[in-house]
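In what follows, a single structure is set out as structure tokens and then discussed.
Taken together, the values in this text are just the output of simple stated rules run on the coordinates, not laboratory data. The shown structure was predicted, so the numbers you read here are calculated from the model rather than taken from an experiment. Quick reminder, even Gly has a Cβ in these numbers, built from the backbone with ideal geometry, and neighbours come from all protein chains shown.
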Amino acid sequence: MAGEHERYGMGSERKIVELNGIKLLLSVCYDLRFPVWMRQQPAEGEHFEYDALLCIANWPAPRRHPWRTLLQARAVENLSYVIGVNRVGEDAKGLAYSGDSLLVDFKGEPLIDQPAHTPFIETGTLDKTALDAFRENFLPGKMPTILSYCQEWVNDAP
């Protein structure tokens, strides 16, 4: 719709940075549609690779429902915070962007959520202690096993 494919190439690796003790998986726009790309891929002996997913995007207004739904889905399936920062306003071609930037917690609940078409700046807090406590009580030690099983199933598919 906006012609990004004419200006940007596909990435080939994931980037995780640490900021104030929080590990952030960096992503852009269309990455959000690929749950396997966003999935936790912890190192041997670890249960989680990152604490929050940061997605900088350019999702147009007609796709606002999928944008919001996918942000919440990525939070739930990865037991992580998700920060979705989306464009608001209209581009040079007249395409409308609804904004809908969200901060979602590890249960999929929006912590920051403003009305559509509202430009805003808001600060949220990622509570690592609450995240770790929730993770400890949710599939303790089993998540890598489940993901490994799924990967084996995909690899064995005809």
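LEU70 fails exactly one of the following numbered conditions: (1) more than 22 Å from ALA133 (Cβ to Cβ); (2) more than 10 Å from the chain's Cα centre (by Cα); (3) of a type outside the set (S, T, N, Q); (4) buried (at least 18 other Cβ atoms within 10 Å of the Cβ). What is the number of that condition?
Failed condition: (2).
When segment 46-66 is examined, which residues are found to be under 18 Å from LEU111 (Cβ atoms), of a type outside the set (Gly, Ala, Ser) and either touching a residue at least 60 places away in the same chain (Cβ under 8 Å) or buried (at least 23 other Cβ atoms within 10 Å of the Cβ) (or both)?
Within segment 46-66, ASP51, LEU53, CYS55 qualify.
Within segment 24-47, take every residue that is touching a Ser or Thr at 6+ places or on another chain (Cβ under 9 Å) and of a type outside the set (A, V, I, L, M) and give me the one that is nearest to VAL85 (Cα to Cα).
So, considering only residues that are touching a Ser or Thr at 6+ places or on another chain (Cβ under 9 Å) and of a type outside the set (A, V, I, L, M), the one nearest to VAL85 (Cα to Cα) is TRP37.
Testing GLY21 on (1) touching a residue at least 60 places away in the same chain (Cβ under 8 Å); (2) surrounded by 17 or more Cβ atoms within 10 Å (Cβ to Cβ), one condition comes back false. Which one is that?
In the conditions (1) touching a residue at least 60 places away in the same chain (Cβ under 8 Å); (2) surrounded by 17 or more Cβ atoms within 10 Å (Cβ to Cβ), GLY21 misses (2) alone.
Residues to consider are ALA92, ALA96; find the one that is touching a residue at least 24 places away in the same chain (Cβ under 8 Å) and either aliphatic (A, V, I, L, M) or touching a Pro at 6+ places or on another chain (Cβ under 6 Å) (or both).
Criteria check complete, one pass: ALA96.
I'd like the full set of residues that are assigned to a strand (DSSP E or B) and surrounded by 21 or more Cβ atoms within 10 Å (Cβ to Cβ), limited to segment 84-132.
Answer for segment 84-132, where residues must be assigned to a strand (DSSP E or B) and surrounded by 21 or more Cβ atoms within 10 Å (Cβ to Cβ): GLY84, ASN86, TYR97, SER98, LEU102, LEU103, VAL104.
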